[in-house]
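The values are calculated or read from the model by the stated rules, or taken from the named source; none is laboratory data. Please read these numbers as outputs of a predicted model, since none were measured by experiment. In this analysis, Cβ positions are derived from the backbone assuming ideal geometry, glycine residues included, and neighbour counts consider all displayed protein chains.
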Amino acid sequence: MNAIQIVWFKRDLRIRDHRPLAEAAASGSVFPLYVFEPDLWQQPEWDETHFRFVSDSLKELDHGLQKLGLRLTCRVGDVVDVMADIRSRHEIVAVHSHEEVGGKWTFDRDLRVGGWLRSHGIPWLEYPQCGVMRGLRNRDGWASHWKRWMGQPQAEMPARAMGIESERGMVIPNPSDIHVRGGGDTACQAGGESNAHTLLDSFLQSRGRGYRTAMSSPRTAESQCSRLSPYIAWGCITIKQVHQAVRAKMNEIAEVKSEDKEIDRGFSRSLTSYQSRLSWHCHFMQKLDDEPELEFHNLNRAYDGMREDDFRSDYFDRWCQGRTGYPMIDACMRYLHHHRWINFRMRAMLMSFAAYHLWLHWREPAVYLARHFLDFEPGIHFPQVQMQSGVTGINTIRIYSPVKQAMDQDPDGAFVRRWIPELEHVPKPWIFEPWKMGNDDQVRFRCRIDRDYPSPIVDHRDAVSKAKERIYALRRSEQAMSSAQRVYEKHGSRKNRDPLPTKRKRSPSIQQPWLPGLEEDISQ
């Protein structure tokens, strides 16, 4: 019977900076394992686009492992059952893996796996993968911890590792065999560690130069944002690797400045802006790690019941379909359907529209967006969805005007016309408000409202007025203020120990960006 060190790959599909793999290789014969868990893939947040990205990444991972003298074993089933089967043929000396900040499902699964391993006396060695701290009591000193973590050396990988002759080979199941939800015809990024590093290099060499100003518009963000978010979410590259590469580039720019040479100040500012987003990435993941239940309930429980009974399925369906009658909302949703990615500001606008204009409880829109975000990261996604819905009690209420956002981010209407062909011939004066065209102009420009393109699902002014009245009334309540203090103590970002104001003072406003894709903008 072979004595083996299992390396359980989850959302860490890479070779470089992989401490579990390095530690296992230094301890004995390595058994690299990935398990396709049908129950996980059938969760409503996942579909075939995520499956294809993971499959791409696994193929490259296996190729990299072969260079070390190993092969990746892929199994289908429950992890406990898979490990029990492996144990029947091999002596499992230890299991090595990264800590996972996933949803409630993976949290419960890890409890089961841990229980099974303990019952058989098998050590489970878990290693942190980002700046999240397990068992954190409060946020005091968290920023300093994050900086120390990001400055630590990356895990060094051996040139060769010992494996076992049996169990070799990798077979990826057909997604339909494990009932993965279909993903449709999309133009998603391909997975893999090499793609991640190619993108990072191009961002630091040229694409990132305009990041700071380009990240807000869907027209420019596609090429000038880093586009690393799915690779970070699935562990094809680590936050530490990105952070250190960005720091190296910033030091390179600073060195040029010290030599009194001309520098690209715009590039420097863009990298500074991007660097701050990396810390927010881990900051939000810390929230879910500290309170896994917030995937399902309001972070501030005083907001329970505020929207739940008013959920309108017809509104939700039109929002999902990109048929709200607001061109910028609909164009962004259709773009998202195709690319499975969209920049931060447009994500925030989509969620804000669902929460305030349509008064939808955040849970269903959150699941729908998660399924359409190739870079879905539970620890970032659910806290951010709640923040954009105004149910944290500690963040600014931010309600976006779809027309103003269109004017700011798509001034000539090219993006809207590209993704809403019904509006292709509508001229600039009406492109963002086509319902204002008269009947003759609707015929002339081949866009009949309520026949070719819908009229607005709600009136902007009326919907926003009602939303503000309801949410601010609750926000000023004793219960909401008291609960906000608890939320801030547990999850708030702070460099000192200043408490929240009392209810006699202005309601707290702690601005924090949304970072599923590391592309954020906190200005209105």
Can you name the condition, by its number, that GLU422 falls short on among (1) modelled with pLDDT of 90 or more; (2) surrounded by 17 or more Cβ atoms within 10 Å (Cβ to Cβ); (3) in a loop (DSSP other than H, G, I, E, B)? (3)
Collect the residues in region 392-407 that are touching a residue at least 60 places away in the same chain (Cβ under 8 Å) and either aliphatic (A, V, I, L, M) or part of a helix (DSSP H, G or I) (or both), keeping them in residue-number order. ILE394, ILE397, ILE399, PRO402, VAL403, GLN405, ALA406
Over region 443-467, the set of residues part of a helix (DSSP H, G or I) and either among the β-branched types (Val, Ile, Thr) or in contact (Cβ under 8 Å) with a residue 40 or more places away in the chain (or both) is VAL443, HIS460, ALA463, VAL464, LYS466, ALA467
Quick one: how many residues across region 349-371 are over 16 Å from THR324 (Cβ atoms), part of a helix (DSSP H, G or I) and in contact (Cβ under 8 Å) with a residue 40 or more places away in the chain? 4
Condition first: surrounded by fewer than 21 Cβ atoms within 10 Å (Cβ to Cβ) and either at pLDDT 95 or above or closer than 26 Å to MET346 by Cβ (or both). Can you find one or more residues in region 223-232 that meet it? yes
Say whether the condition of being assigned to a helix (DSSP H, G or I), under 28 Å from the mean Cα position of the chain (by Cα), in contact (Cβ under 8 Å) with a residue 12 or more places away in the chain and at negative phi is met by at least one residue in region 432-442. no
Looking only at region 60-85, filter to residues that are surrounded by fewer than 17 Cβ atoms within 10 Å (Cβ to Cβ) and either within 25 Å of the chain's Cα centre (by Cα) or among the hydrophobic types (A, V, I, L, M, F, W, C) (or both); which one of those is nearest to CYS188 (Cα to Cα)? VAL76
Over region 152-173, the set of residues within 21 Å of ARG247 (Cβ to Cβ) and free of Cβ contacts under 8 Å to residues at least 12 places away in the same chain is PRO153
Inside region 70-102, can you point out the residues that are assigned to a strand (DSSP E or B) and over 24 Å from ARG19 (Cβ atoms)? VAL76
Subset of region 111-143 (residues that are in a helix (DSSP H, G or I) and either within 20 Å of THR238 (Cβ to Cβ) or basic (Lys, Arg) (or both)): ARG112, ARG118, TRP142, ALA143
